[in-house]
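Notes for the one structure printed next.
The values are calculated or read from the model by the stated rules, or taken from the named source; none is laboratory data. Because the structure is a prediction, the values reported are computed rather than measured. Positions of Cβ are generated from backbone atoms using ideal geometry, with glycine treated the same way; all protein chains shown enter the neighbour counts. When the accessible area is computed, the model is the full protein with side chains, heavy atoms only, and any ligands, DNA or RNA have been set aside. Shrake-Rupley method; radii C 1.70, N 1.55, O 1.52, S 1.80 Å.
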Amino acid sequence: MSQPDHFVSKSVKNQEGPRVIVAKTAGFCFGVKKAVETVYQQIGKTSKPIYTYGPIIHNEEVVKDLEAKGVKVIESEEQLRNLKEGVVIIRSHGAARRVYDILEANGVEIIDATCPFVKKIHRIAQEQNQAGRRLIIIGNEAHPEVEGIKGWGNEHTLVVETPEQIQKLALPEGEKLCIVSQTTFNYKKFQDLVEKFSETRYDILVLNTICNATQERQVEAKRIASEVDAMIVIGGKNSSNTQKLYEICQKECKNTYYIQTLGDFDPECVNSVRSIGITAGASTPNYIIEEVHTNVRIKF
């Protein structure tokens, strides 16, 4: 699989078919592109076994292609502890500090492909803990990026995702907090949750760590969805940022469809519309976007 360049937006209207708008921000973001390229570059470059700690990105097609080329996925810290040789690539989502400690103790080579925006939050976590602030992460606690960020905080670090969780915190009045966000979190929801914190009596430092690419993608997806009769969102089923795009688009366009590949696309869903929008998550390869785009044009 060759690595695609960033997808160029197109708006096409066939003579007899609907207008098709493809988001210019669709597809690999900088961090994901860097991580995937890092793995491909290692193939054939080293004689050591190559591993990624967790899937390099949340896209099954990319992971399958890498596995076919001999790259294995390590899913747990227990597996890491048993690893005594090879190259381990830290995925774009990042990992907790203890993961690096385990690999260094075993003498295993580490290649860090953590997204620079995520890496920045790791530094913030350390700095703010040293400054005496409790780290509050706004995001999905089960998401690997958030698990990694939490692993650079301390035992007092907390994760919240809903207003109800904020209300139940019951921290001491005046406690110093540093609020950061999962990089792919919904920007509007982040603002709403920060507003909830502002109603409390904590000493709050808010750092908006949602990456620019995520914000731009969400804003563009919302705009396109509000202008079309049907919207197609492409991305892996476990992709947090794709799920957020789907939620945003669905609010603007009731005929919004979430697919992983062209094989999931049912042309019958959009056979009577005048306009179709297409966007994709940050872990979606360009060739999948192009396949869907081409198919939509051909079918109509």
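Rounded to the nearest 500, the helix-only mean residue ellipticity at 222 nm of the chain stands at -12000 deg cm²/dmol, with each DSSP H run of n ≥ 4 adding -39,500 (n - 2.57). Taking the Cα centre of segment 164-300 as origin and assigning +1 to Lys and Arg Cβ atoms and -1 to Asp and Glu Cβ atoms, the resulting dipole is close to 80 debye.
The Rg/Rh ratio of segment 17-120, with Rg taken over Cα atoms and Rh as the Kirkwood radius over Cα pairs, comes to 1.06. In this label model, THR46 and GLU291 are separated by 3.0 nm, measuring between points 7 Å along each Cα→Cβ vector.
Taking a point 7 Å from the Cα of ASN255 along the Cα-to-Cβ direction, the residues of segment 272-300 with backbone N closer than 12 Å to it are 272-277. Along the axis of the charge dipole computed for the chain (Cβ charges of +1 for Lys and Arg, -1 for Asp and Glu, origin at the Cα centre), the listed residues ILE50, ILE102, ASN255 are led at the positive end by ASN255.
How much FRET efficiency would the formula 1/(1 + (r/R0)^6) give for GLU104 and GLU141, where r is the Cβ-Cβ distance and R0 is 35 Å, rounded to 0.05? Step by step, r from the Cβ atoms, then E = 0.85. Pairwise Cα distances in segment 150-194 exceed 14 Å in 56 percent of cases. Working from label points 7 Å from Cα in the Cα-to-Cβ sense, the GLU78 to PHE30 distance is 3.9 nm. I'd like the carbon and sulfur percentage of the solvent accessible area for segment 98-225, probe radius 1.4 Å, heavy atoms only, ligands and nucleic acids excluded. Whole-percent figure for carbon plus sulfur exposure: 47. Treating each Cα of segment 80-173 as one equal point scatterer and applying the Debye formula with no solvent, the log10 of I(q)/I(0) at q = 0.10, 0.25, 0.26 Å⁻¹ comes out as -0.31, -1.28, -1.33.
Considering only Cα atoms, the convex hull volume of the chain works out to 126 Å³ per residue. In whole percent, what relative contact order does segment 75-174 give with Cα contacts below 8 Å and a gap of six or more residues? The value is 26 percent. Can you tell me how segment 130-225 classifies by the Cα gyration tensor, rounded, prolate or oblate, using a/c under 1.5 as the rounded cut? Prolate, because a/c is 1.5 or more and a/b exceeds b/c. By the scheme Lys and Arg +1, Asp and Glu -1, what is the net charge of all other residues having a beta-carbon under 12 Å from that of GLY54? Net charge in that neighbourhood comes out at -2. Overall dimensions of segment 234-289, expressed as equivalent-ellipsoid semi-axes from the Cα gyration tensor (√(5λ), whole Å, largest first), are 18, 14, 9.
May I ask you to derive the relative contact order of segment 149-245, considering only C-alpha pairs under 8 Å and at least 6 residues apart, and to give it as an integer percent?
The value is 28 percent.
For the cross-link pairs LYS188/LYS254; LYS119/LYS222; LYS24/LYS251; LYS34/LYS69; LYS119/LYS176, the ones whose C-alpha atoms lie over 26 Å apart are LYS119/LYS222.
Gap in Å between the Cα centre of segment 128-178 and the Cα centre of segment 58-99? About 27 Å separates the Cα centre of segment 58-99 from the one of segment 128-178. Here the contact order of the chain, divided by its residue count and restricted to Cα pairs under 8 Å and six or more residues apart, works out to 22 percent. Each Lys or Arg adds one and each Asp or Glu subtracts one; over the other residues with Cβ under 12 Å from the Cβ of LYS237, this totals -3.
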